[in-house]
Structures are given as structure tokens and as C-alpha cells.
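What follows is one structure encoded as C-alpha cells, with my remarks underneath.
The values are calculated or read from the model by the stated rules, or taken from the named source; none is laboratory data. Keep in mind the model is a prediction, meaning the values are calculated, not measured. Every residue, glycine among them, receives a Cβ derived from its backbone with ideal geometry; neighbour counts consider all protein chains shown.
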Amino acid sequence: MINANEPQPGTASSKAPRQTDDLHRLLIERVEEYAIFALDPDGYVLSWNAGAERLKGYAASEIIGRHFSVFYPAEDLATDKPGQELRTAATTGRAEDEGWRLRKDGTRFWASLLITALRDKSGELVGFGKVTRDLTERRAAQERSLESAREIAAQQAARAMAEKRSDEMQALAGKLRDQAEQLERQSIAAGVANRAKSEFLAAMSHELRTPLNAIGGYTQLLQMGIAGPVTPEQQKQLDRIQRSQQHLLSVINDILNFSRIEAGQIDYRIERVAICDAVESVVTMITPQADEKRVALRMEHTGLPLTAMADLQKLEQIILNLLSNAVKFTAPGGTISLSCAVEGDVVALSLSDTGIGIPADQLEDIFEPFMQVGRSLATPKEGTGLGLAISRDLARGMDGALTVESREGEGSTFTLRLPLAR
């Protein structure tokens with residue numbers, strides 16, 4: 001007897017389970033958006049759908065029977081990530097992950113995957129189902145959005161920083177403007193003070209030179225016997241008066257020259273000047289002073305007509321200042337040597353002495369006004385300390401330079417360089 005409630009062979013009800021299985025298999029095989037395939041318990045590929053072939057590039061015949069770890073990059077294989085995922089799925093029933101995976105051609109894609117443990121009715125693990133989706137484009141879009149957000153944040157931060165810096169710069173500009181105005185006021189005041197000082201020094205020098213010249217003139221008249229015979233003792237006293245008058249006049253002339261240089265009142269008459277002639281003219285003037293101190297003067301002649309572009313009077317004044325200093329600071333029995341040479345486009349006049357030398361920390365200081373080597377209240381030196389300052393300024397006024405090389409206790413070499421006349 002046939003039970004009407006039971007499906008009969010050949011009826012629609014008996015065909016439904018088989019059709020459902022076929023449809024399910026076709027659905028999995030034909031889906032192209034997802035890679036769906038089965039693994040055995042050890043991870044070897046058992047099945048392969050169209051989506052897996054499209055995504056990973058392997059045909060079914062190329063991949064079935066191979067281990068699914070072939071889809072993982074080297075950094076994941078080094079940590080046994082495939083094995084960890086299978087163990088997680090076997091323990092918890094599923095394993096999910098996102099990461100880089102490899103295609104057959106070695107290119108990478110960003111994958112989202114789900115591994116599900118497959119068990120039979122008795123609960124025994126018979127394999128795994130694996131579903132993989134390509135999220136490369138979505139990840140790129142997320143990264144673009146993130147990068148855009150970073151750029152916007154960076155722009156906002158830069159804008160805020162720029163505004164802050166603008167405020168700081170405005171405040172700094174205000175401070176600098178105030179300081180500039182203060183410096184300008186101080187500069188004006190200093191200029192006024194310098195002009196007043198120079199005018200005072202010039203006026204004082206002129207006022208002092210007049211009676212000093214009178215002293216010198218009267219001394220010469222007395223020495224000539226105009227007022228009557230002069231005894232030898234009186235002659236000695238007159239000589240002392242004359243030397244003192246000349247020394248004081250020299251000091252005042254230095255102060256006057258320096259005040260003129262500071263005030264910019266020095267005029268230069270630049271012309272062709274024979275250096276050797278200028279040197280010999282000054283050496284003649286300084287020889288008596290050197291002989292009195294037993295200091296030898298030596299002029300090394302090159303045999304060449306060395307000619308410089310200079311102001312003859314200013315050049316002779318520089319040479320006189322340098323020779324006077326050399327005689328002053330060279331001990332009896334010492335030597336002063338002068339030599340000339342051509343250095344490219346300049347004529348170099350060098351003056352070397354065997355004097356006390358200059359400490360290394362004072363090589364630049366000696367060119368400052370009122371500075372002298374070894375000067376102190378306990379050991380005063382003759383002169384104002386203006387000779388070298390005046391000489392350097394005069395050299396610069398003729399487009400030249402005055403430099404020094406020295407070792408303490410071994411002497412000094414001053415070199416005056418002036419443009420070569422061609």
C-alpha cells in the first residue's frame with residue numbers, strides 16, 4: 001500500500017533535494033565575485049570555482065591538490081599564518097582575516113577571507129570552506145580618504161602655525177622697528193658727539209700748535225745767539241726745550257690728523273709714486289734717531305722701479321710712523337729692515353724689526369686708537385698710540401692695507417700694500 005504522505009519515486013517531491021544540491025553546486029561554481037573553494041583538513045585544495053580562478057589566476061587543474069599557503073606572501077609564511085588560521089577555524093569554527101595575498105603571477109591584492117570548519121554528522125573535521133574577496137580598490141579608496149584627511153589636517157595645522165608665526169613676526173617686527181628707531185637715535189647722538197669731539201680736538205690742536213710753534217721759534221733764536229752769547233750749559237737746556245717742543249708738537253699733530261680722518265676731512269691726491277724714493281726720503285729723516293739708539297737701518301733694493309698709485313705725503317707719513325715705532329720698540333744693537341716686492345696687482349712694502357714683538361691677542365688691538373704694546377700706568381710709553389691707527393686709515397684711504405705679523409720677543413713685520421701703477 002502506498003502512503004500518500006511519502007514522496008513516490010519519480011515525483012517532484014523526490015527530485016527536490018537532488019535539484020537543490022545541483023543548484024547549490026552551480027551557484028558556488030558560477031559565482032565570480034568571490035573565490036569559493038574547499039580544503040581538506042591539512043589545507044590542500046579540493047575544489048575551485050570560477051571566482052577563485054578569476055581572482056587568483058589559477059585554473060582548477062593547476063591548483064587542486066596544492067596547499068593553500070601558496071596564496072600567502074613570504075612574511076606571512078615566516079610566521080605560519082596559514083597554519084594559524086586553520087587551527088583557529090578548527091577550534092572556534094571560523095577564522096576571519098584581511099591582508100595581502102598573492103596571485104599566480106606574483107602580484108598582490110588586498111583580501112578579505114573567511115575560513116569555516118566543515119564537520120560530518122559525527123562532528124569529525126572533514127575539511128574547510130574558504131571564501132575570499134578582493135578589497136584592493138576599497139582599501140585604496142580608504143587610504144585616499146585617509147590621506148586626504150591627513151592633508152586637510154596638515155593644511156589646517158599649517159594655516160594655524162602660519163597665523164601664529166604671522167602674529168609672532170608682527171610682534172618681532174614691532175620690536176625690531178622700535179630697536180631700529182632707538183639705534184637710529186643713538187647713532188645720531190653718537191654722530192653728533194663724534195663731530196663735537198673731532199671739532200674740539202681740531203680746535204684744541206690748533207690752539208696748542210700756535211704757542212708751541214712760538215716756543216720752537218724763540219728757542220731757535222736763543223740758540224742762534226740773537227739775545228746774546230749762549231753758554232754750553234744754556235745750550236743743553238735749549239736743546240732739551242726744543243726736543244720737548246718737537247715731541248709735544250708731534251703728539252698734537254697726531255691728534256689733529258686723527259680728528260681730521262674721523263671727520264672725513266682728509267683729501268687724497270693719488271698719483272704715480274716711486275716707492276724707493278719715498279722710503280729713502282723718510283729713512284734720511286729717521287736715521288739720526290736710529291743712530292742715537294744704535295739701531296741699524298737696512299734697505300733691501302730689488303733693482304726694479306716699483307711704482308704705486310698713492311698720495312706721496314700720506315705714504316711718507318705712514319713710513320715715518322712705522323719707522324718711528326720700530327726704532328722706539330727695538331733695543332740698542334737691533335736691526336730694522338725694509339724691502340719692496342710686487343704681489344700680483346699690488347706693491348708690498350715690508351718693515352721688519354728685531355724689537356719686543358707683539359702678543360698674539362693684541363695683533364689687531366694695536367691698530368685701535370690710543371693703544372700701545374706694553375703700555376700701563378707703571379710702564380708709560382712715549383706717544384699717543386695714534387700712529388698705527390692713523391697709518392691704517394691712511395692706507396685704506398689709498399685703496400691699500402696695513403697688516404702685521406709678529407711673535408712676542410722676536411720682533412714684528414708690518415706690510416703696507418698699495419695698488420701697483422702700470
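Brief remarks follow.
- Test result for residue 286, among the β-branched types (Val, Ile, Thr), in contact with a strand residue (DSSP E or B) (Cβ under 8 Å, 6 or more places away or on another chain) and modelled with pLDDT under 90: yes
- Among the candidates 331, 378, 395, the residue that is at pLDDT 85 or above, surrounded by fewer than 14 Cβ atoms within 10 Å (Cβ to Cβ) and more than 14 Å from residue 279 (Cα to Cα) is uniquely 331.
- Taken together, the criteria place residue 221 among residues that are modelled with pLDDT of 75 or more, part of a helix (DSSP H, G or I) and under 30 Å from residue 234 (Cα atoms).
- Some residue of the range 121-136 being assigned to a helix (DSSP H, G or I) and surrounded by 10 or more Cβ atoms within 10 Å (Cβ to Cβ): yes
- Where a residue in the range 141-160 is in contact (Cβ under 8 Å) with a residue 60 or more places away in the chain and its partner, wherever it lies, is of a type in the set (Lys, Arg) and surrounded by 10 or more Cβ atoms within 10 Å (Cβ to Cβ), with Cβ under 6 Å and at least six apart: none
- A single member of 240, 260 is at negative phi, of a type in the set (Lys, Arg) and modelled with pLDDT of 75 or more, and it is 240.
- Just one of (1) farther than 20 Å from residue 33 by Cβ; (2) over 49 Å from the mean Cα position of the chain (by Cα) fails for residue 146. It is (2).
- When 159, 87 are checked against the criterion of being outside the structural domain of residue 48 (by TED's automatic domain parsing) and either in contact with an Asp or Glu (Cβ under 8 Å, 6 or more places away or on another chain) or of a type in the set (D, E, K, R) (or both), 159 stands alone in meeting it.
Listed here are the residues, each with its yes/no results for (1) modelled with pLDDT of 80 or more; (2) surrounded by 11 or more Cβ atoms within 10 Å (Cβ to Cβ); (3) part of a helix (DSSP H, G or I).
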{"position": "152", "(1), (2), (3)": "yes, no, yes"}
{"position": "156", "(1), (2), (3)": "yes, no, yes"}
{"position": "165", "(1), (2), (3)": "yes, yes, yes"}
{"position": "182", "(1), (2), (3)": "yes, no, yes"}
{"position": "185", "(1), (2), (3)": "yes, no, yes"}
{"position": "212", "(1), (2), (3)": "no, yes, yes"}
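- Filtered by the rule that a residue be small (Gly, Ala, Ser) and assigned to a strand (DSSP E or B), the range 392-402 gives a lone residue, 401.
- Scanning the range 291-336 for residues that are of a type in the set (Gly, Ala, Ser) and either over 22 Å from residue 408 (Cα atoms) or part of a strand (DSSP E or B) (or both) gives 296, 303, 308, 310.
- Any hit, the range 403-419, residues being at pLDDT 90 or above, among the aliphatic types (A, V, I, L, M) and either in a helix (DSSP H, G or I) or under 24 Å from residue 269 (Cα atoms) (or both): yes
- If you go through the range 89-111 and keep only what is over 54 Å from the mean Cα position of the chain (by Cα) and either within 19 Å of residue 45 (Cβ to Cβ) or assigned to a strand (DSSP E or B) (or both), you end up with 89, 90, 94, 95, 96, 104.
- Exclusive hit being acidic (Asp, Glu) and farther than 17 Å from residue 400 by Cα, set 343, 300: 300
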